[in-house]
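Single-structure report; data block below.
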């Protein structure tokens with residue numbers, strides 16, 4: 001149990017580190033976008049300041065509002081994908097566990113029924129369970145009448161089907177990992193087009209604020225796309241390895257139980 005908990009902590013550690021980096025980045029940028037620079041010199045007289053309101057500094061903008069406005073529609077799409085990504089990762093962490101694939105209580109119940117030679121009870125217990133171990137045992141016991149070899153081959157085919165089903169559930173992580181940079185690239189192109197449009201239509205006087213705003217939009221959307229892609233690729237590789245480990249373990253366990261059933265049934269029918 002402690003080992004599985006440690007694995008879960010190390011698995012989500014890169015995601016937590018990434019979120020921490022995002023928070024630090026936001027903290028570092030907030031002074032830039034949250035307040036205006038103070039004027040270097042204040043040579044105007046108080047009377048002139050009171051009568052002239054054209055140099056009044058603009059209202060400060062929070063980092064969050066700047067990020068929302070800069071991200072726009074593409075950033076909203078990345079946010080929706082991120083929410084779905086977090087939901088899928090949490091679901092996979094809960095489902096892809098040894099105690100879910102091969103429940104300890106089911107294994108204990110089956111071993112007790114095997115000791116009593118209650119094969120019908122074993123079949124009923126496996127049928128009631130929705131776990132991978134239960135599916136493999138049902139397949140093996142159904143094909144047991146044709147011999148142990150046929151039962152093992154049927155279990156291998158069922159095990160491959162279970163592996164394919166589990167890999168399909170993690171395939172969306174790979175899709176998100178490859179789709180994130182593409183969406184970020186779309187935002188990059190949009191921002192660069194806007195920046196060059198400002199330069200092209202400004203004539204002799206270029207507005208640096210508009211050019212910088214378009215370039216910052218391009219960079220922010222690129223960063224958001226890569227930020228969701230990195231943990232998605234890492235977690236896809238981690239879950240793929242976990243699927244392989246779980247399926248091999250449950251197939252070996254079910255094969256051992258089928259061997260025990262066959263040996264017990266053969267010993268029972270062998271004349272003394």
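Working carefully through the options 232, 195, 200, find the one that is out of contact with any helix residue (DSSP H, G or I) (no Cβ under 8 Å at 6 or more places or on another chain) and within 30 Å of residue 73 (Cα to Cα). Steps first, please.
Working: 232 fails: out of contact with any helix residue (DSSP H, G or I) (no Cβ under 8 Å at 6 or more places or on another chain); 195 fails: out of contact with any helix residue (DSSP H, G or I) (no Cβ under 8 Å at 6 or more places or on another chain).
Only one candidate qualifies: 200.
Return the pairs, sorted by first residue and then second, in which the second residue is assigned to a loop (DSSP other than H, G, I, E, B) and surrounded by fewer than 17 Cβ atoms within 10 Å (Cβ to Cβ), the first residue lies in region 94-107 and is at negative phi and touching a residue at least 12 places away in the same chain (Cβ under 8 Å), the beta carbons are less than 7 Å apart, and the residues are 6+ apart or on different chains.
The qualifying pairs do not exist here.
For the structure I just gave you, tell me whether residue 224 is at pLDDT 80 or above and surrounded by 17 or more Cβ atoms within 10 Å (Cβ to Cβ).
Considered against the rule, which asks whether it is at pLDDT 80 or above and surrounded by 17 or more Cβ atoms within 10 Å (Cβ to Cβ), residue 224 comes out as yes.
So, in region 165-191, of the ones that are loosely packed, with under 15 Cβ neighbours inside 10 Å and more than 25 Å from residue 244 (Cβ to Cβ), which residue ends up modelled with the lowest pLDDT?
189
Is it the case that some residue within region 62-85 is at pLDDT below 90, outside any helix (DSSP H, G or I) and over 10 Å from the mean Cα position of the chain (by Cα)?
yes
Give the residues of region 66-93 that are over 27 Å from residue 166 (Cα atoms) and either free of Cβ contacts under 8 Å to residues at least 40 places away in the same chain or exposed (fewer than 15 other Cβ atoms within 10 Å of the Cβ) (or both), sorted by residue number.
66, 68, 69, 73, 76
Restricting to region 108-122, name every residue that is under 36 Å from the mean Cα position of the chain (by Cα) and either assigned to a loop (DSSP other than H, G, I, E, B) or surrounded by fewer than 19 Cβ atoms within 10 Å (Cβ to Cβ) (or both).
Hits for region 108-122 are 108, 109.
When residue 198 is evaluated against the numbered criteria (1) at pLDDT 85 or above; (2) crowded, with 16+ Cβ neighbours inside 10 Å; (3) farther than 30 Å from residue 101 by Cβ, which criterion, by number, is the only one it fails?
(1)
The values are calculated or read from the model by the stated rules, or taken from the named source; none is laboratory data. As the structure is a prediction and not an experimental result, all values here were calculated from the model. Every residue, glycine among them, receives a Cβ derived from its backbone with ideal geometry; neighbour counts consider all protein chains shown.
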